[in-house]
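Quick note: the coordinates plus some simple rules give every number you see, no bench work behind them. As the structure is a prediction and not an experimental result, all values here were calculated from the model. Reconstructed Cβ throughout: ideal geometry from the backbone, glycine too, with neighbour counts over all protein chains shown.
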Amino acid sequence: MKTLGIQLDVRYPQFRLAVELDLPLQGVTALFGPSGSGKTTLLRCIAGLERASTGVIRFGETLWQDEAQRVFLPVSKRAIGYVFQEPRLFPHLSVRGNLRYGYTAVAASARNVTFDQVVDILDIHDLLDRRPHQLSGGEQQRVAIGRALLRSPDLLLMDEPLSSLDAARKRDILPFIQRLDTDLHIPIVYVSHSIQEILQLASTLVVLQNGRVVRMGSLSDVLAHPDSRQFIEESHLGAVIETTIEAHDREFGLTQLAFPGGKLFVPYQARPVGARLRVHILARDVSLVTSPPTFHSSVLNILDATVKAIGPVDPAHPFVDIRLDIGCPLLATITRKSLVALGLAPGQRVFAQIKAVALCQDIVE
Amino acid sequence: MSLLATIDWTPVWLTLRLAGVTAGVLLLIGTPIAWWLAYTTSAWKTVVEAVVALPLVLPPTVLGFYLLIALGPEGPIGRLWVGLTGSSLAFSFTGLVIASMLYSLPFVVQPLQGAFEAVGRKPLEAAWSLGASKLKAFVTVASPMALRGYVSAVVLGFAHTLGEFGVVLMVGGNIPGVTKVLSIAIYDHVEALEYTQAHVLSASLLIASFLILAVVYTVNRRLPVHVS
């Protein structure tokens, strides 16, 4: 598979970004981290909007930048689309003019999307003859996404494209971004400090802190890593599982989800059987017992699990994270006291009681 | 209309021609300067800005004096010009254009620089990311967005040149049909106590200047570019 190879060292008066990464050119790769961690700078370097003094950027076989060889491809020569935090539409052009700006610059044979296709996906047909200032913020950002797509990029870079929008607008636009990946197969690098957006969109997660990459891997690998606690807030820590709706239980108002490790019950979901749902099981909502529950429990979801790894034990901290295998990864947070009481060790069979399951699709800040 | 018949209109046409040529050439020269000033991070920016703004504060006679020396047959520019063309720059229409360009430079550069700064880097980055070269981004994005700046620059450059006096007097002298512009003609009339002619020319300049400025402000308000 083609990858985006990045080795950068950029120094600013107050800040240094030094990263080495091989990003998959497939699906949505999220760059996550607190403000000032270097996410946006990294994205701007990929685009060529910033120039690192020391750096190599390789897109598949194509060299975009290699300072040792004095190679630096300007932004306009890199096959990227860039969606900024603000829409940045051209005020002197109509929506149609904005959309066609990059579109007409690409030879018809080199286009990987058509004008109508993008207008359809983003549902902006009624806006085409308007001026940018006549659009709402959400509409402007949709047009900005369309404009970037119509440039026929091989890679779409998005810098917190939803950060300037309210919750309702975010909910409107997120599905459009999901469709870019599923319908158009354009790889996306997505900068965000919102775990909710990432849970819904990302397949790969890169965590940045103080200009360094501290974690990288598949979304679930990073969020369910037993040693991620120092980088990921406790309220975000936990496995992400892809499930399919298997059945609805209308009498009790429940929906049954199937995943590689078994079944989960969640409150009723108004989606057809067979629909796919991504769920997030927070580590703090998972508790462990060592013997099969022989009595009845009010916890509906109890799964057979094997201990895979035990996170670092920090004497200053009462909690420890346990990585489990339930047919897919699962993370549980327990106290150090329980760890000793249960005598947990890798390879041991336990039962995971899941008190709550969060649905990624429904989460919006 | 015997009154208007007694007026020599040659200085008026000469002045319009001078102002037109000056504004036109200044637009060509001032745009890259303004562009550079708007986007550079160079330490030289403040120096260049100060030089561009000098004509705003210097007495025109000072500017004119140095120009006379530079453009005269013994001056560095004047000698080169004589060598190239065989004629002198001082007391010629070309010399007058050069002098007017310096004199009106800030009136062209400053509105353009302000307009480019208002456009900022963000729309340019968007244009580049859509595959536009730097030149294409300048022509198709920055310039239309800075349209008001262009209108202000041309009109202010033109109007300011219309009214120049001191610099022209020093560099151009008072040669009828060649360097005798409107303001100097008015001065001559006053000196000769020909108040009627001075009144007609002064009133024309006053009204024309007012109309030009009124048009600029109106046009600026109605240009179809909403930058926010």
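Side notes on the structure shown:
- The antiparallel fraction among DSSP beta bridges confined to segment A:150-253 stands at about 60%.
- Of A:LEU277, A:LEU89, A:LEU135, the one that fluctuates the most in a GNM where chain A has Cα springs shorter than 10 Å: A:LEU135
- When Rg and the Kirkwood radius Rh are both evaluated on Cα atoms of segment A:211-365, their ratio Rg/Rh stands at 0.98.
- Two-site label geometry, B:THR61 and B:THR6: point separation in nm, points 7 Å out along Cα→Cβ: 3.1
- With all projection directions averaged, the alpha carbon convex hull of chain B covers 15.4 nm².
- Converting phi to 3J(HN,Hα) with the Karplus coefficients 6.51, -1.76 and 1.60 and the offset θ = phi - 60°, segment B:90-101 yields 5, 6, 10, 5, 4, x, 5, 5, 4, 4, 5, 4 Hz in sequence order, with x at every glycine or proline.
- The value of relative contact order for segment A:93-159, using C-alpha pairs under 8 Å at least six residues apart, is 53 percent.
- Relative to the Cα centre, the charge distribution of the protein assembly as shown, modelled as +1 at Lys and Arg Cβ and -1 at Asp and Glu Cβ, gives a dipole magnitude of about 420 debye.
- Here A:THR114 and A:THR182 are evaluated by their C-beta separation; at R0 = 25 Å the FRET efficiency comes out at 0.90.
- Shielding of A:80-90 by partner chains, average beta-carbon count, 10 Å: 4
- Local electrostatic count, A:HIS185, Cβ distance below 12 Å [Lys/Arg +1, Asp/Glu -1]: -2
- Expected 222 nm ellipticity per residue - DSSP helices of 4 or more, -39500 (n - 2.57), all of chain A, to 500: -5500 deg cm²/dmol
- Approximating the spin labels as points 7 Å out from Cα along Cα→Cβ, the B:GLU191-to-A:ALA107 distance works out to 6.9 nm.
- Summing +1 for each Lys or Arg and -1 for each Asp or Glu among the other residues whose beta-carbon sits under 14 angstrom from that of A:ARG349 gives -1.
- Surface/4 of the Cα convex hull for segment A:73-190, nm²: 6.9
- 18 Å reach of a label modelled at A:HIS317, 7 Å along Cα-to-Cβ, counting backbone N of segment A:234-261: A:234-239
- Cross-link pairs beyond the 26 Å C-alpha cut-off, checked among A:LYS39/A:LYS263; A:LYS2/A:LYS39; A:LYS170/A:LYS263; A:LYS308/A:LYS337; A:LYS39/B:LYS136: A:LYS39/A:LYS263; A:LYS170/A:LYS263; A:LYS39/B:LYS136
- Report summary: the helix-based calculation at 222 nm, which adds -39500 (n - 2.57) for every DSSP H run with n ≥ 4 and divides by the residues of chain B, gives -24000 deg cm²/dmol.
- Amide H contacts of A:VAL213: A:GLU20, each under 5 Å away and 5 or more positions distant or on a separate chain (H built 1.01 Å from N in the peptide plane; Pro and chain starts excluded).
- Neighbours of A:ARG212 by Cβ distance under 14 Å: Lys/Arg scored +1, Asp/Glu scored -1, total +2.
- Segment A:29-104: mean projected area of Cα convex hull, nm²: 6.9
- Residue-wise HN-Hα coupling along segment A:330-345, computed from phi with Karplus coefficients 6.51, -1.76, 1.60 (Hz; x: Gly, Pro): 9, 10, 10, 9, 10, 7, 4, 4, 5, 4, 6, 4, 7, x, 5, 8
- In plain terms, if you count all Cα to Cα distances in segment B:39-114 and split them into 10 Å steps from zero, the share in each step is 18, 40, 28, 13, 0 percent.
- Take each residue in B:118-128, count the other chain C-beta atoms within 10 Å of its C-beta, and the mean is 5.
- Within 10 Å of the Cβ of each residue in B:140-146, the mean number of Cβ atoms contributed by other protein chains is 3.
- On the basis of the beta-carbon distance and an R0 of 56 Å, A:ALA309 and B:ALA118 show a calculated FRET efficiency of 0.50.
- In this label model, B:THR40 and A:ASP227 are separated by 5.2 nm, measuring between points 7 Å along each Cα→Cβ vector.
- Phi angles of segment A:244-260 translate, via the Karplus equation with coefficients 6.51, -1.76, 1.60 and θ = phi - 60°, into HN-Hα couplings of 10, 6, 9, 7, 10, 10, 6, 4, 9, x, 10, 10, 9, 10, 10, 9, x Hz per residue; Gly and Pro are given as x.
- Two numbers describe the Cα atoms of the protein assembly as shown: Rg and Dmax, which are 34.8, 121 Å.
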